[in-house]
Amino acid sequence: MTKPIRSLTTLLMSVLRPFWRGVLLSMLLGVLTVASSIGLMMTSAWLISKCALQPSIADLGVSIVAVRFFGISRAGFRYLERLVSHNTTFRVLAKLRVDFYRAIEPLAPARLSKFQTGDLLGRVVADVGSLQEIYLRAIAPPVVALVTAVAVIVLFAAFNWLTAFTMLVFLLITGIALPLYAERQSQSVGRALIDNRAKLNTALIDNIQGIADILAYGLEDERTTSLETLSDTTAVLQQRLTLVESVSTGALAVLVNGAALAVLVSALPYVDGIFLAMLTLGTFAAFEAVMPLTDAARHGIVSVNAAQRLIDVTHATPVVVDPAHPADPPTTFDLVISGLTFQYASPSVPVFDQLDFTVPQGEHIAILGSSGSGKSTLVNLLARFWEYSAGSIRIGGVELNMLPQTTARGLIAVLSQQTYLFNTSILDNIRIAQPTASDAAVIAAAEKAQLAEFVAQQPDGYDTLVGENGATLSGGERRRIALARVLLTNAPIVVLDEPTAYLDTTTERAILTTMFDVLAERTLILLTHRRTLLERVEHVYRVEQHRLTKIR
């Protein structure tokens with residue numbers, strides 16, 4: 001299991017460590033690019049100044065070759081630097097998305113229940129995408145700038161210490177003072193921008209998923225106004241960041257030109273005239289390494305805020321964890337619940353208090369209860385989505401929380417009222433329940449769920465795409481695909497929450513006949529209110545006053 005990510009440093013180290021060669025190579029290529037640029041400008045300036053003295057061509061041979069070398073190498077190094085850095089960045093982003101998913105998967109559903117779907121989607125897409133700025137604009141540029149600045153100061157000191165000191169002052173102002181200004185101005189705006197983007201993403205996803213209800217209740221104008229407000233706020237915040245960028249860019253231009261003039265003035269009394277142009281143009285080239293630092297500070301703030309939103313999710317520890325010393329899987333499947341106590345963090349009233357309940361292997365029972373009575377909570381406890389605080393749940397004499405989660409969930413197949421369908425084929429949506437199942441087995445499960453006639457009407461048959469969350473299907477069709485998933489599994493215990501919801505009478509009757517035949521040898525727990533189902537089970541229980549009461 002992936003360890004929780006608790007700090008930005010941990011986050012960066014975990015994703016950059018596998019690609020350290022690419023990171024170092026891109027930084028080296030960045031330094032070589034700037035060095036080639038400085039070499040090109042300084043050599044060209046010296047060559048032009050020397051030509052004014054009309055020397056022999058032999059005296060210019062080395063400098064001419066150097067100009068050609070630096071000109072070609074600068075383009076080559078820049079191309080390689082962009083190639084390596086972007087390749088590394090995309091690999092880092094891919095790993096980060098996978099790591100983020102692996103980190104949040106054990107948190108579902110207990111720890112993720114406080115987050116909205118759109119918010120989580122925004123974090124895994126937009127916030128992770130923002131982190132590319134950390135490497136491209138916040139990590140590599142300072143390293144390149146530091147190495148280049150040290151080399152330039154040493155080079156200028158070889159001509160005159162005052163010139164080197166002048167250059168140092170302007171490099172410090174441009175590389176430290178100006179980025180600090182940009183960071184301070186961008187800090188609150190960057191945080192607000194990330195938060196507002198998250199709200200906008202959440203609102204968009206909620207509106208898309210609930211478009212039918214919005215249209216049915218005539219809420220189009222209200223939702224449109226809300227989206228426009230969020231969009232306008234995002235645009236205003238982006239404009240404020242752009243203003244900081246504009247001010248920084250203007251100040252940068254003034255500083256670069258001022259540095260060139262100051263270097264020229266400081267060098268006049270001490271440096272041979274043939275080297276004056278060389279130092280002046282070298283100053284312009286040297287600032288190529290320092291200029292990105294202002295952007296690094298501005299984009300770094302946005303990226304750090306995005307990273308913090310990821311850390312806010314991943315720092316949590318899962319509610320349910322695998323045991324350190326797991327028990328062997330059971331060979332019999334009697335379900336025995338004794339003294340079960342469970343309550344959510346809020347409200348503090350327990351859902352179950354000393355609940356006792358036994359279902360012998362192969363028995364079919366039904367559980368009744370009003371909304372909020374705890375039926376779904378019982379299913380979540382059996383599926384190991386939540387951890388019970390006291391008591392015992394045993395299958396075949398083995399404590400449920402002493403089994404690995406995958407093993408425990410392999411013993412119990414659950415059909416909930418909210419089943420997600422992926423935007424893939426009908427065949428693959430059913431196969432999710434048993435990834436190793438053959439096409440024939442999947443089709444057989446679909447036929448048992450009364451899907452054969454519907455599939456036969458589709459142009460692509462079982463290869464028909466169902467759309468996001470089954471958007472192209474009716475409620476009954478989605479329900480039958482979910483039921484086919486359960487029928488495909490070999491789980492000895494099956495829990496069905498209103499299995500015939502959204503089905504017409506004819507289809508319901510056919511499915512019930514098939515379902516009870518297929519599940520005749522398995523333990524079946526029905527959560528339902530339909531009398532047609534109650535008549536087919538051996539015993540009926542009701543959830544009331546935090547316990548199960550047998551009523552038949």
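The values are calculated or read from the model by the stated rules, or taken from the named source; none is laboratory data. Note that this is a predicted model, so its numbers are computed, not measured. As a convention, Cβ positions derive from the backbone with ideal geometry for all residues, glycine included, and neighbour counts pool all protein chains shown.
Summed over the range 85-110, the residues that are surrounded by 18 or more Cβ atoms within 10 Å (Cβ to Cβ), more than 19 Å from residue 130 (Cα to Cα) and of a type outside the set (A, V, I, L, M, F, W, C) give a count of 1. Selection of the range 435-458 for residues being of a type in the set (Gly, Ala, Ser), over 19 Å from residue 517 (Cβ atoms) and under 35 Å from the mean Cα position of the chain (by Cα) yields 437, 438. Of all residue pairs spaced 6 or more apart or on separate chains, those with beta-carbon atoms under 8 Å, a first member in the range 201-214 that is in a helix (DSSP H, G or I) and a second member that is of a type in the set (Ser, Thr, Tyr) are 202/117; 203/226; 205/117; 206/117; 209/117.
When 25, 40, 53 are screened for being outside any helix (DSSP H, G or I) and assigned by TED's automatic domain parsing to the domain that holds residue 93, only 53 passes. Do we have residue 178 as within 30 Å of residue 256 (Cα to Cα) and buried (at least 17 other Cβ atoms within 10 Å of the Cβ) here? In short, yes.
Per-residue answers, yes or no, for (1) touching a Gly at 6+ places or on another chain (Cβ under 6 Å); (2) crowded, with 21+ Cβ neighbours inside 10 Å; (3) without any contact (Cβ under 8 Å) to a residue 24 or more places away in the chain:
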{"site": "362", "(1), (2), (3)": "no, no, no"}
{"site": "368", "(1), (2), (3)": "no, no, no"}
{"site": "372", "(1), (2), (3)": "no, no, yes"}
{"site": "381", "(1), (2), (3)": "no, yes, no"}
{"site": "393", "(1), (2), (3)": "no, yes, no"}
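State all residues of the range 63-84 that are of a type in the set (D, E, K, R) and either surrounded by fewer than 19 Cβ atoms within 10 Å (Cβ to Cβ) or within 16 Å of residue 311 (Cβ to Cβ) (or both); if no residue qualifies, say none. Passing the criteria: 68, 78, 82. Every condition in (1) at pLDDT 90 or above; (2) farther than 20 Å from residue 488 by Cα; (3) aliphatic (A, V, I, L, M) holds for residue 413 except the one numbered (2). Between 100, 159, 115, the distinction of being within 35 Å of the chain's Cα centre (by Cα), touching a residue at least 12 places away in the same chain (Cβ under 8 Å) and part of a loop (DSSP other than H, G, I, E, B) belongs to 115 only.
Scanning the range 372-404 for residues that are outside any loop (DSSP other than H, G, I, E, B), touching a strand residue (DSSP E or B) at 6+ places or on another chain (Cβ under 8 Å) and aliphatic (A, V, I, L, M) yields 378, 379, 381, 382, 390, 393, 395, 400. Screening the candidates 467, 461 for the property of being more than 27 Å from the chain's Cα centre (by Cα) and either surrounded by fewer than 22 Cβ atoms within 10 Å (Cβ to Cβ) or free of Cβ contacts under 8 Å to residues at least 12 places away in the same chain (or both) yields one hit, 461.
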